[in-house]
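One structure is given below, encoded as C-alpha cells.
The values are calculated or read from the model by the stated rules, or taken from the named source; none is laboratory data. As the structure is a computational prediction, the values presented were derived from the model and not from experiment. No Cβ is skipped: glycine too gets one built from the backbone with ideal geometry, and neighbour counts run over all protein chains shown. Heavy atoms of the whole protein, side chains included, go into the accessibility calculation; ligands, DNA and RNA do not. Shrake-Rupley method; radii C 1.70, N 1.55, O 1.52, S 1.80 Å.
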Amino acid sequence: IGVYDTMRDIKSMTAERQDMVKEFGPGSRWYEANKAHPEVIARVDRQVELALSQAAKFHHKRAQELKAMAANTGDQKYGVASLQEYKLAADVYQDYLRRFPSTKEAYELAYYYAECLYFSYEFDRAKTMYAKVRDWPNKKKHLESAAYNVIDSIEKEAAKLAAEGKLRPEDVPGEISDVEEEATPDVEGKVRIEPLGIPPLTVEWMKAVDDYLSMGLQRRSDPDLPARLAYRVANEYYKYRHFDEARKRFEAILGKYPNSLVASYSAVNIINSYRLENDWDNIQVWAKKIEELQIGKPEQRAALQEEVRVFQLGAQFKEAEKLFSAGEYLKAAKAFISVVDKDPKMSFADKALQNAAVAYQREKHFDSAAEVYQRIVSDYPKSTFVEGALLQLAENARKFYDFGRAIDTYRALRARFPDSKDSAYALLTSAILLEAEGRIAEAVKAFEEFSSTYPSDPEAGSVLFKAGKLNQKLGENREALRLYQLFVNEYGSDPKMSEKVVEAISRAADIYRAQGNTREWEKAARAVIREYEQRGLQPDTPVAEYPARAQFMLVEPKFKRYEAIEFTGSVRTQGRKVQQKEKLLRELENDYSLVMPYKAMEWTSAAYYRLARIYEIFADALFKAEIPEMSQEEMDIYQTQIEDAAAGYLDIAQKRYAKLVEQARGLKIANKWTSKAREAMNKYRPQEYPLLKEGRRFLEFDVKAVPPFEESL
C-alpha cells in the first residue's frame, strides 16, 4: 500500500487496501490468531477502518467522475462504468458500517452509502439508509437532504415498479397537475363517497413527507417545497377519496401557505370534494371563502431594469438621495423634482427625474411615476433614460388596463429605439394587448411581424401558429392556410413544435372540409396521421385527438355509402346488395378499429359507436327489405330467414352499444357518442338504460394570465 501510495497509483492502492481488509480484518485467520494481543488488534482495526473508508471513497469519486464524463460526452459506456463503481462503493460502505457502526465517520459514510445506493437505482435500499441518516442521534448535517431523499427514493421506486408492470402508473405517488372540475353526480341529495384503498408504498411515502414537514425542514434553493409537499400528500388522500383527511390538509395549506400556487389548487379540490358528494351548502361556503381569502400568489412585479447611479451633486440632491436611502420615497421624489424645477437644464436633470419616478413606484404612486416618466420623454428626448421611460409608461398603462395607450407607447418605443433589448418584448406585448382589445386583424399582423423579425426567439413559432388560429377565427381562411403552411415549413423540424404542427395541419384540414374541398381535406387529414406517427407522438394525449378525428372522418364517406344501401328488387338483386353491404361492413370494421390505438376518448367512443351502428343499420335494412313476389309459404320462409339474420346483427349491435355505455360509466366520461349509445339501448331496454338528464354546472373558475408589470428600471 505504501509503495502504491508513493507511486500515486490510486486504483492499485485501493485494491491492496481491500485485500488487506480480507487478510487482516475481523473474521480473517490472522485476526482470530491475534485476539490475545488487543493492542495489535486495535491498531489493525484502525488500519482496516481507514482502508475501507478510503476504498469506498475512491470508488465513489470514480463513479462521480464517470457519471460526469457520460453527461459531457453522451457515451453510455461511461454511464455503465459509473453504475458499476457506484455499486462497488455501496458494497464497501456497507462493509465499513457493518464492521464499524459507531466511528466518527460512520454518519458521513452512512449518507454516502445511501447516495451510492440511490445512484445504483437501488431505491428501496436507499430509502431505508436515508431514513437511518435522517434519524441519526445528534447529527444534523445531512438531515434535510436525507429526509427529502427518503421521499424521492420512494417515488423513484414506485416509478420503477410501474415501469416493470408491478404497480399501476396511477398509483405512483406525488404528481401535481392543474386541478380539473369534477363531474357532479346525477342524483338528488348528498351522496357518500366510499374511500378507496391506499397502496402501501403510497402510505409509506406520505409518512416520509409528514416526517419531513414535522421537522420544520426548509431548503433555501426551494422555499416553496414544504407547501408543495403538503399539497401532494393532501392530493393523494383526495385521489383515493379520503375526503375528510384531504380537506383537513387542504385547509391547513390555506392557513399556512396562503400565497403559494398550491393554495389555489387546495381550495378548488375542497370544492371538488363537496361536488362529488352533492354537498351544495359547503360548495357555496367555500366559493365565498375563495373570494374573501384572495388565495394564490400576488402578481410578481418585474425587478428594476436599471439601478440609477447617483452622482455627487448639490446639497439638495444629496438630501434627496439620503431620503431615498432611508425609505422615505415620497419625500425623496419631491426633493428630486424640486432640484429639476430649480434648473431644468442642468446636466443631471434627467437622472433626478428618473430617481423621482423610481421613488414614486416604490410607494406604488403609479400615476405620479407616469407623469415623471412622461416628463423625461417630452423634455429630455436625447436622455439615455427615455428608452426605459417609454417602457415604464407602456407598462403602467397596461397595468391599469389602458391598453390603447400601452399599445401606442410600445410602438413609440420600437420606432425610436429599434435596436432596444426590449423591442421584441414590446412588439409581442402589443400583439397580446391588441388581441385583448378585440383588434384581431391588427394582432395577427403584429404576431406575424414578431415571428418574421425575431425568428430565433423561443416564442416565434408559437406566435406564428397563434396568428393562423386568429385568422381562422376571423374567417380569413386563405390567410389562415398560408400561416399554417408557413408555420409548418419554418418550424416543422423543431421537435418542441411537433404537437402544434399536427394541430396546424388538422386545422387546415378543417378549413378544407368546411369549404367542401374534399381532395385537399383528405390530403391534409392523411398528413395529420402521418405527421403524428413520424414524430413519435403518444396516444392518450391531447394531440392524439387530431389523428384520431382525421382517421374517423376519413371513414365517414364509406359509412354513408354503406348506410344508403337498401335491400330492394328481386331476390337476385337483393342478394347482390347483401353481399355488397357485407363487404363494406367488414371494411368499416377494420377502418373504425384504426381509431382505437390513439386512445382519444371522444373519437374512440365515436368509432365504437359506429362499430355498433353498422350492425344496427344492417339489421334495419333486413327488416325493411322488400318482399319479392312469391307464394305465401315461400314468403313465410323468406321472412323468417330475414328476421333471424337481422336478429343476429341486432344482437351484436346491442352488445356493443351496451359495452360502450358501461365503459363510459366506469370511466366517468360523457359525450355525444356515449349519449347516442344510451339512446340506442333505450329503444331496446328502456328500464335498464333510461335517458339521463343533462348535467348542470354551478361553478366555473376562469383563470387568465396577465402580463407581468415592471415597476422601474
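Here are some notes:
- Residue 421/residue 667 FRET efficiency (R0 45 Å; Cβ-Cβ; nearest 0.05): 0.35
- Cross-link pairs 141/239; 421/473; 156/256; 140/207; 342/399; 523/581 - those with Cα-Cα distance over 24 Å: 141/239; 421/473; 156/256; 342/399; 523/581
- The trypsin sites (Lys or Arg not before Pro) of the range 600-662 that DSSP puts in a loop, and whose beta carbon has at most 12 other beta carbons within 10 Å, are 624.
- For the range 317-406, the calculated P(r) over all alpha carbon pairs, in 10 Å bins from 0 to the bin holding the longest distance, is 19, 49, 28, 4 percent.
- Normalised by 2.2 N^0.38 Å, where N counts its residues, the alpha-carbon radius of gyration of the range 96-240 equals 1.25.
- By a 1.4 Å probe calculation restricted to protein chains, residue 673 has an accessible surface near 10 Å², given to the nearest 10.
- For the range 390-429, the Rg and Dmax computed from alpha carbons only, in angstrom: 9.0, 27
- Counting Lys and Arg as +1 and Asp and Glu as -1 over every other residue whose Cβ lies under 11 Å from the Cβ of residue 626, the net charge comes to 0.
- Overall Cα dimensions of the range 457-549 - principal axes, largest extent first, Å: 31, 31, 20
- The Kirkwood radius of the chain, taken over pairs of alpha-carbon atoms, gives through the Stokes-Einstein law at 37 °C and 0.692 mPa s a diffusion coefficient of 99 µm² s⁻¹.
- The helix-based estimate of mean residue ellipticity at 222 nm for the chain, built from -39,500 (n - 2.57) per DSSP H run of four or more residues and divided by its residue count, is -23000 deg cm²/dmol to the nearest 500.
- Relative contact order computed over the chain (Cα-Cα under 8 Å; 6+ residues apart), in percent: 7 percent
- For a label point 7 Å along the Cα-to-beta-carbon line of residue 441, residues of the range 453-496 with backbone N under 12 Å: 474-476
- In the range 121-169, trypsin sites (Lys or Arg not before Pro) in a DSSP loop with at most 12 other beta-carbon atoms within 10 Å: 140, 141, 166
- Looking at the range 619-688, the GluC sites (Glu not before Pro) that sit in a DSSP loop and have at most 15 other Cβ atoms within 10 Å of their own Cβ are 626, 629, 688.
- 29 Å tail of the calculated P(r), the range 519-673, as % of Cα pairs: 31 percent
- Debye log10 I(q)/I(0) for the range 1-134, one point scatterer per Cα, at q = 0.13, 0.16, 0.20, 0.22 Å⁻¹: -0.60, -0.86, -1.15, -1.26
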